[in-house]
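No lab work stands behind these numbers, since they all come straight from the coordinates. Just so you know, these numbers come straight off a predicted model, no measurement behind them. Note that we place each Cβ from the backbone using ideal geometry, even for glycine, and neighbour counts take in every protein chain shown.
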Amino acid sequence: MTKFIKLFLAALRGTESNFTSGSINRALFLLSVPMILEMVMESLFAVVDVFFVARIGTEAVATVGLTESVLTVVYSLAIGMSTAATALVARRIGENNNRGAGQAVGQVILVSLVASVLLGLPGFLFAEDVLRLMGGSEQLIANGSGFTRMIFASSPAIMLLYTLSGCLRGAGMASIAMRSLWLANGVNIVLCPVLIFGWGPFPELGVMGSAVATTTGRSLGVLYQLIAFARQSGIVQVKTTDMTPDVPIIRNLLGLAAGGTAQFLIGSASWVFLTRLVSTFGSDAVAGYTIAIRILIFTILPSWGLANAAATLVGQNLGAGQPERAETSAWRAAVGNMVFLIVVGIGFYIFAAEIVGIFNNQVSVVTVAVQCLRIFCLGYVAFAYGMVLTQALNGAGDTRTPTIINIICFWMIEIPLAYFLAQRLDWGPEGVFWAVAISETLLAVLAIIVFRRGRWKTITV
């Protein structure tokens, strides 16, 4: 037990960053712990905002929802850039080319700033039109345009918080990425109620207070990350000259980011369609489906931590010229993820009704949510392998293959199958849930086949 606590504390401190030698299991643990905690902080960010904004009223919540839906474009590129940044920086670290890693981070910062300004400026200038286009009422536009304008103005902070976290993960500095999210979320939690409701000497800003709190938190998180990269004693140091445009690095970065962005958009679009399909069976079905998805998303955060750890290990070990160690790292992460999800899946299957009952006790809603949880759990073993191996491919710099797999599984299989089972065979919402389980299983099979072929080992980044 003492050994575990020491290892856990070492993971939080981030005492190691190069994982091209030594125990693979130790490396997975040291990387995944801070990554898991980072994912928890990211999920809390959204929950905290909605929690406090909901106290203002329905119109305020609608303003946040409409703004965030349009801001998906910024999030999509941020996630794609983060994936690319992890692959690039991890490869340079594996090559023991810390200076090259610093140059890569510099280009990530440059591209992130330019892209975020290009995407955020239209939303800032035409905030009222954005809300009107999304169906907002004139009263909502009058009261909420300031929030929308502020959030779009914070696009650089949003983008950099994601992309610099990706750089830190690739450099093996996952603990710093974790702490930056802790800082950002902590500031947001404190400032949200203070600025929304005007506690103490602060003015009551309403929904605008949420925008100020969120922007302040994210900005401080980014500042913390930039300080880490500016330190001369740091593993990866970024100099101002590293942000001078370097066309080959930028071209490489954007090529990798295109695949990562496409993967996110493909997945998001498929979930939007599935939600729309479930909605044809009534609000109770949507409520049950939503509750089940929220429960699943929160409980698989450790899985994403393992998947991201695998991406870093693959990238670093390929850079070190150790493709076999890279492959072993990915398989170890996949097996560990499988064991975790099997345990979670068994618990969900047995206690599904009790777990859902915590959130809702309406019989019709609980029935759908329980059905969704149990069917999804049947695909957990495959899901464990699929998420780790696709991230491992991303870490190797092969973002194209996971994109193709996502198109096949989500758009060519999942969506048509969900419609066929739910509507044509009259399975109702159950048909949608089975389509998800089947498509995720197929995704895992394809990922395993592609990963075993090993072409990703020869990709240069």
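Note on residue 425/residue 137: beta-carbon distance plugged into 1/(1 + (r/R0)^6) with R0 of 45 Å gives a FRET efficiency of 0.65. For the pair residue 223 and residue 361, the difference between a 0.36 nm per residue extended length and the Cα-Cα distance amounts to 45.3 nm. Here the label points at residue 299 and residue 342, each 7 Å from Cα along the C-beta direction, are separated by 1.7 nm in the simple model. As a proxy for reagent exposure, 218, 455 were ordered by neighbouring Cβ count within 10 angstrom, fewest first; the result is 455, 218.
FRET efficiency for the residue 51 to residue 457 pair, using the beta carbon distance and R₀ = 30 Å, is estimated at 0.05. Each of residue 118 and residue 9 was given a label point 7 Å from its Cα along the Cα-to-Cβ line. The distance between the two points is 4.8 nm. Taking every alpha-carbon pair within the stretch 2-245, the share separated by more than 27 Å comes to 40 percent. Measuring how big the chain is from its alpha-carbon positions, Rg and Dmax come out at 22.0, 64 Å. Separation of the stretch 74-111 from the stretch 28-44 is 19 Å, based on Cα centroids.
Of the peptides 248-257, 171-180, 420-429, the ranking by mean beta-carbon count within 10 Å, highest at the top, reads 171-180, 248-257, 420-429. Zone of residue 272 (label point 7 Å along Cα→Cβ, backbone N under 11 Å): which residues in the stretch 43-86? Within reach of a label on residue 272, which here means backbone N under 11 Å from a point 7 Å along Cα→Cβ, the stretch 43-86 contributes 69-73. Within straight-line reach of residue 6, meaning a Cα separation under 15 Å, sit the following aspartates and glutamates at least 8 residues removed in sequence or on another chain: 16.
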